[in-house]
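Structure record follows, encoded as structure tokens.
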Amino acid sequence: MARKKHDQRHGLRGEIGLLAEQISDAIKSAATSRDVSEIRSDIKDSVRGVSDRVAKAIKKAAASEELHAIKGQARKVASLGKEEGLKATKDLRRTLSAGLAAAGEELQRLAEKLKKQA
């Protein structure tokens, strides 16, 4: 009787071992099958396509940000140029006004001198 139990256990272990090997072989076969290879290839292609689109979107966004930054800098330069231009214009007006006033005074003196001589 002890022998029968031992044989049953050994037989059951053997069956389980055989079943495990069959499952392992089935998984290996499935992993290397043409269908799985095609699916793997399709997934790789899809991931590459998505990756390319994401990379292009990032480049476009970066270019857009650079363009925005350049526009901002151009606005600053234009604003500073405008401010400096207005300042220079005011200075020029003052200088011209002072020069014209001085020229007017000189002409006035000359006119008075000419009247005295006449």
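The values are calculated or read from the model by the stated rules, or taken from the named source; none is laboratory data. Just so we're clear, the structure is a prediction, and the values are computed from it rather than from any experiment. Glycine also receives a Cβ, built like all others from the backbone with ideal geometry; neighbour counts cover every protein chain displayed. For the accessible areas, the whole protein counts, side chains as well, though only heavy atoms, and no ligand, DNA or RNA atoms are used. Shrake-Rupley method; radii C 1.70, N 1.55, O 1.52, S 1.80 Å.
With +1 on the Cβ of every Lys and Arg and -1 on the Cβ of every Asp and Glu, and nothing else charged, how large is the dipole of the chain about its Cα centre, in debye rounded to the nearest 20? Walk me through the intermediate numbers first.
On the way: 26 positive and 17 negative charges, 101 e Å.
Computed about the Cα centre, the dipole is about 480 debye.
Just the number, please: carbon plus sulfur as a percent of the accessible area of the chain, 1.4 Å probe, no ligands or DNA/RNA counted.
Details: 6730 of 11170 Å².
On the chain, the fraction of accessible area on carbon and sulfur atoms equals 60 percent.
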Three semi-axes of the equivalent ellipsoid, the chain, Cα gyration tensor, whole Å, largest first: 106, 16, 5
All lysines inside 27 Å of K59 as judged from Cα atoms, apart from same-chain residues fewer than 8 positions distant: K44, K71, K76
Helix-only mean residue ellipticity at 222 nm for the chain, each DSSP H run of n ≥ 4 adding -39500 (n - 2.57), per residue, nearest 500: -36500 deg cm²/dmol
Qualifying aspartates and glutamates (Cα of each under 13 Å from Cα of K113; at least 8 residues distant if same chain): E105
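Could you do me a favour and compute the accessible area per residue for the chain, 1.4 Å probe, result in Å²?
Working: 11170 Å² over 118 residues.
On a per-residue basis, the chain sits at 95 Å².
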Separation of the S29 and A88 label points, Cα + 7 Å toward Cβ, nm: 8.7
